[in-house]
Amino acid sequence: MRRNALWAAALALFLLAAACSSSDDGEPLDLSDYPYSVQQIEEIDDRSHFPTGQTYDGYNSDPPTSGPHADTFAPAGVSELAVAREVAVHNMEHAGAVVWYNCHADPVLDNDACAVLRNQLSQVVLQEVADGNEVLMTSYSLMDARIALTAWGYLDTFDEFDEARVRAFVNTFECNFDPENFC
């Protein structure tokens, strides 16, 4: 009887490990039914950490979707201050998705319009976080698009708020790449 319990425990641990690691390799997803245009960005095969505050100029997309990054990450949710892209990449390494916005992209939004966009995005992000998803929202003035969504190896950019598009991205790509088993 004790031997059966040990075998059952071993099998349970094996199945749990298999379930937890099933999506951690970041294998390309089948996006044939994905309803939005998304770019699969070639991954930078370097996940090394460097001191927070150091910058990295070798990213192959803007905003970045992979590569070396800061040794700290930002808490999930809406950041009141702009998060350095090197920090946000660490969030993606932890299986997260990042929602970036730029009120200064052409045409530049006035303060009221920027507040509306920020509030719309915030509502979605905070609900996703409440649902247990690792999502970070930050401003990012260096991109040409108004809104960008990133996860490790994936980028979507657009200029008008689209709640369904943000939710679809988070629910499709968050936890797709999880080398440190955060999901």
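The values are calculated or read from the model by the stated rules, or taken from the named source; none is laboratory data. Quick caveat: nothing in here was measured; it's all calculated off a predicted structure. Please note: Cβ atoms are built from the backbone with ideal geometry, for glycine as well, and neighbour counts cover all protein chains shown.
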Report task. Tell me which residues, restricted to the stretch 128-183, are out of contact with any helix residue (DSSP H, G or I) (no Cβ under 6 Å at 6 or more places or on another chain) and of a type in the set (D, E). Result -> D131, E134, D144, D159, E160, D162, E174, D178, E180
Report summary line: Matching residues in the stretch 59-86 (assigned to a loop (DSSP other than H, G, I, E, B) and within 19 Å of E128 (Cβ to Cβ)) number 9
Query raised in the report: Within the stretch 87-134, can you find the residues that are in a loop (DSSP other than H, G, I, E, B) and crowded, with 22+ Cβ neighbours inside 10 Å?
Result: A95, G96, N102, E134
Requested in this report: May I ask you to list the residues in the stretch 47-58 that are farther than 22 Å from E134 by Cα and part of a loop (DSSP other than H, G, I, E, B)?
Outcome: P51, G53, T55, Y56, D57, G58
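Could you tell me whether A148 is crowded, with 16+ Cβ neighbours inside 10 Å, in contact (Cβ under 8 Å) with a residue 24 or more places away in the chain and closer than 26 Å to L29 by Cα?
On the way: crowded, with 16+ Cβ neighbours inside 10 Å: yes; in contact (Cβ under 8 Å) with a residue 24 or more places away in the chain: yes; closer than 26 Å to L29 by Cα: yes.
Yes: the conditions hold for A148.
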Query - Yes/no for E86 being more than 21 Å from S139 (Cβ to Cβ) and out of contact with any helix residue (DSSP H, G or I) (no Cβ under 9 Å at 6 or more places or on another chain) - result: no
Query - Total residues in the stretch 168-181, condition more than 11 Å from the chain's Cα centre (by Cα) and exposed (fewer than 15 other Cβ atoms within 10 Å of the Cβ) - result: 3
Query raised in the report: In the stretch 46-61, what count of residues is obtained for those that are surrounded by fewer than 11 Cβ atoms within 10 Å (Cβ to Cβ), closer than 22 Å to E180 by Cβ and among the hydroxyl-bearing types (S, T, Y)?
Result: 1
Query raised in the report: Can you find even one residue in the stretch 85-105 that is aromatic (F, W, Y), modelled with pLDDT of 95 or more and farther than 18 Å from D162 by Cβ?
Result: no
Requested in this report: Scan the stretch 19-28 and give yes if some residue there is within 18 Å of the chain's Cα centre (by Cα) and at pLDDT 95 or above, otherwise no.
Outcome: no
Query raised in the report: If P75 satisfies every condition in (1) at pLDDT 95 or above; (2) buried (at least 16 other Cβ atoms within 10 Å of the Cβ) but one, which is the exception?
Result: (2)
Requested in this report: Answer yes or no: is there a residue in the stretch 155-162 that is within 22 Å of E86 (Cβ to Cβ), among the charged types (D, E, K, R), assigned to a strand (DSSP E or B) and in contact (Cβ under 8 Å) with a residue 12 or more places away in the chain.
Outcome: yes
Report task. Could you please let me know if V99 is within 10 Å of the chain's Cα centre (by Cα) and in contact (Cβ under 8 Å) with a residue 12 or more places away in the chain? Result -> yes
